[in-house]
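Read the structure below first, then the notes.
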Amino acid sequence: MMKVTLPKLKNKKGNEKIAMVTCYDATFARLVEKAGIDSILVGDSLGMVIKGEENTLNVSLDEVAHHVSAVKRGATNPFLIADMPFGSYQSSVEQGIESAVKLIKAGAEAVKVEGGSEVSPLISKLVSFGIPVVAHVGLTPQYVNEFGGFARRGKSEKERKFIMDSALAVEKAGADMIVLEGIPKTLAAEITKKVKIPTIGIGAGTDTDGQVLVIYDLLGMNADFNPSFLKKYLDLDSLVTKALEEYKKDVVDGK
Ligand code: KIV
């Protein structure tokens, strides 16, 4: 597999769909690379799937940087994106630049920020310094307290307009790609048609320019997590449990 660069990813729009997964460690990163996945996101979802927290709000910049360097050691070809965690860019544009620089130094090739016009000044500044930015609109998990949970967004006309305006604002600010999370397929299709940068969907239908899934979700590592958009490509929950049970039996039997 050849190195996937940002220009190569952007050129895929309208030609070939982009496959992205989240990843947090070197062991999985090696397999992601072997499978020819285009891009890895070290998501702040690590707060939930690695740390076992209820949401993403307690993830620190140091934690994301730590996982970025681990992933980097496992895979070099997929385009590596790091999430800017909650609290690492909300205080000021300067704070956001410092945080992004730290993630780039850890090995990321782009950073991801949640929001629309409120993050536009930061996006413009980052791209002016050569730091590619992936924006994230729709169901933005860092707004969980405002939304009152992780329910899908874009149900009302007002919300649809807000999400469309956010997508247009981040594109205008210079974002290189946009994650569209938890929004109606029709809205995702409309945004994808309107913007010139690639859209990467999660729970946003099949009409986006690419898809992203949390790696543990697509591998079926949690039998109790079954959102309607999720296709599980493996049932690792039962496979791993069964393997561990067999291992335990062998140990107990003195084998
Ligand atoms: O943190 C994350 O993993 C994400 C993806 C689900 C898009 O933001």
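Calculate, in nm to one decimal, what L234 and A35 gain on full extension: separation in residues at 0.36 nm each, minus their alpha carbon distance.
That works out to 70.2 nm of additional length.
At 7 Å along Cα-to-Cβ for each site, give me the label-to-label distance between M1 and K248 in nm.
Each label point lies 7 Å from its Cα, and together they span 3.4 nm.
Under the Karplus relation 6.51 cos²θ - 1.76 cosθ + 1.60, θ = phi - 60°, what is the ordered set of whole-Hz ³J(HN,Hα) values for the stretch 137-144, x standing for Gly and Pro?
Listing the rounded values in order: 10, x, 7, 9, x, 6, 9, 3 Hz.
Where the centroid of each part is defined by its Cα atoms, how far is the stretch 64-115 from the stretch 187-255 in Å?
Taking the Cα centre of the stretch 187-255 as reference, the centre of the stretch 64-115 is 23 Å away.
Suppose each label sits 7 Å from its Cα in the direction of the beta carbon; what would the E146-N226 distance come out to in nanometres?
3.3
Once phi is turned into θ = phi - 60°, what whole-Hz ³J(HN,Hα) does the Karplus curve with 6.51, -1.76 and 1.60 give for every residue of the stretch 238-255, x standing for Gly and Pro?
Once rounded to whole Hz, the list reads 7, 5, 5, 4, 4, 4, 5, 5, 5, 4, 4, 4, 4, 5, 4, 7, x, 7.
Return the sequence-ordered ³J(HN,Hα) values of the stretch 184-194 in whole Hz as given by the Karplus equation 6.51 cos²θ - 1.76 cosθ + 1.60 applied to θ = phi - 60°, using x for Gly and Pro.
x, 3, 5, 5, 4, 5, 5, 5, 4, 6, 7
Looking only at GluC sites (Glu not before Pro) in DSSP loops with at most 15 other Cβ atoms within 10 Å, what is the longest site-free stretch of the chain?
Excluding the exposed sites themselves, the longest stretch runs over 55-255.
Do any trypsin sites (Lys or Arg not before Pro) in the stretch 110-203 lie in a DSSP loop with no more than 15 other beta carbon atoms within 10 Å, and if so, which?
Loop-located and lightly packed - K155, K196.
What's the percent breakdown of Cα-Cα distances in the chain across 5 Å bins, shortest bin first?
The percentages, shortest bin first, are 1, 6, 13, 18, 20, 18, 12, 5, 3, 2, 1, 1, 0.
Since every read-out is calculated from the coordinates, none of them should be taken as a lab result. A quick note: this is a predicted structure, and the numbers were derived from the prediction, not measured. All Cβ positions, even for glycine, are placed from backbone atoms using ideal geometry, and neighbour counts span all protein chains on display.
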